[in-house]
Amino acid sequence: MDYSQIRQNFEKHGFTTQFFSTKEEASRYLSDALQNQTIGFGGSETLKEMGLFEELQQTNVVVWHNKIPGMQVRKLANCADIYITSANAVTETGEIVNIDGTGNRVAMTAFGPNMCYYIVGKNKIRTNLTDAYERCKNVAAPLNAKRLGFKTPCAVKGDKCYDCNSPERICRIVSIIERVPLGMKCEIIFVNEELGY
Ligand code: SF4
């Protein structure tokens, strides 16, 4: 993987980028950078695997619906100055693709915080937007639906998207961030490990 070229492509699109070999290094970078802040987290297995909530809450106020479930907590997280999330997929050409059920992550990555950090494991990187969307639908969404205990066909059969019309369908809003949204700063933190779905 040519991280140098990928980073350049994101930087041309207005993002700052970082690269770390391990999740521990990435976690240390963020805990050094963020003190006395209000931070919202998007739903993310990546953040869970990093233990980032436990790390950052020592010196910040961190709001995460993975810890206290519910819409009110999501709304509170969406008032934070700093937002941290992962992505369902990113492209080598410098775009980010996410699919949400409730839309809280899609909303915050488009408008709201002063600063948005994306933590991206190597398993999330795809060549182009077509492949990135395919990853979201056929890899990330089925695994997330299964994790949530939903009975969508992708979760039950465990192989791919069936473009279902289930009431539990988690694919309801798709976002492609092509450039950093006006009025926001965004940083992509690449980690050279498999992280999350
Ligand atoms: S549309 Fe339905 S079947 Fe397809 S990934 Fe989303 S929840 Fe699963």
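Assorted remarks:
- Taken over the range 149-178, the criterion of being surrounded by 13 or more Cβ atoms within 10 Å (Cβ to Cβ), within 10 Å of the ligand (Cβ to nearest atom) and not charged (D, E, K, R) is satisfied by Phe150, Thr152, Pro153, Cys154, Ala155, Val156, Cys161, Tyr162, Cys164, Ser166, Ile170, Cys171.
- Whichever residue in the range 1-48 is open to solvent by 50 Å² or more (accessible area, probe 1.4 Å) and among the hydroxyl-bearing types (Ser, Thr, Tyr) and, among such residues, is nearest to Asn60 (Cα to Cα): Thr38
- The helices (runs of 4 or more DSSP H) found entirely in the range 17-95 that carry 1 or more residues being small (Gly, Ala, Ser) are 23-33, 71-77.
- Top-ranked residue in the range 122-133 [being under 19 Å from Ser175 (Cβ atoms) and not polar (S, T, N, Q); ranked as farthest from the ligand (Cβ to nearest atom)]: Ile125
- Qualifying residue in the range 73-96 (condition: touching a Leu at 6+ places or on another chain (Cβ under 7 Å), acidic (Asp, Glu) and either open to solvent by 60 Å² or more (accessible area, probe 1.4 Å) or free of Cβ contacts under 8 Å to residues at least 60 places away in the same chain (or both)): no
- Of the criteria (1) within 10 Å of the chain's Cα centre (by Cα); (2) within 18 Å of Pro181 (Cβ to Cβ), which one Ala89 fails: (2)
- Verdict on Cys116 being open to solvent by less than 10 Å² (accessible area, probe 1.4 Å), within 16 Å of the ligand (Cβ to nearest atom) and in contact (Cβ under 8 Å) with a residue 40 or more places away in the chain: no
- For the range 134-148, a residue qualifies if it is near the ligand (Cβ under 9 Å from one of its atoms) and either hydroxyl-bearing (Ser, Thr, Tyr) or surrounded by fewer than 16 Cβ atoms within 10 Å (Cβ to Cβ) (or both), and exactly one does: Asn138.
The values are calculated or read from the model by the stated rules, or taken from the named source; none is laboratory data. Bear in mind that the values here come from a model prediction, so they are computed numbers and not experimental data. FYI the Cβ positions are ideal-geometry reconstructions off the backbone, even for glycines, and counts take in every protein chain you see. Surface areas here come from the heavy atoms of the whole protein model, side chains and all, with no ligands, DNA or RNA. Shrake-Rupley method; radii C 1.70, N 1.55, O 1.52, S 1.80 Å.
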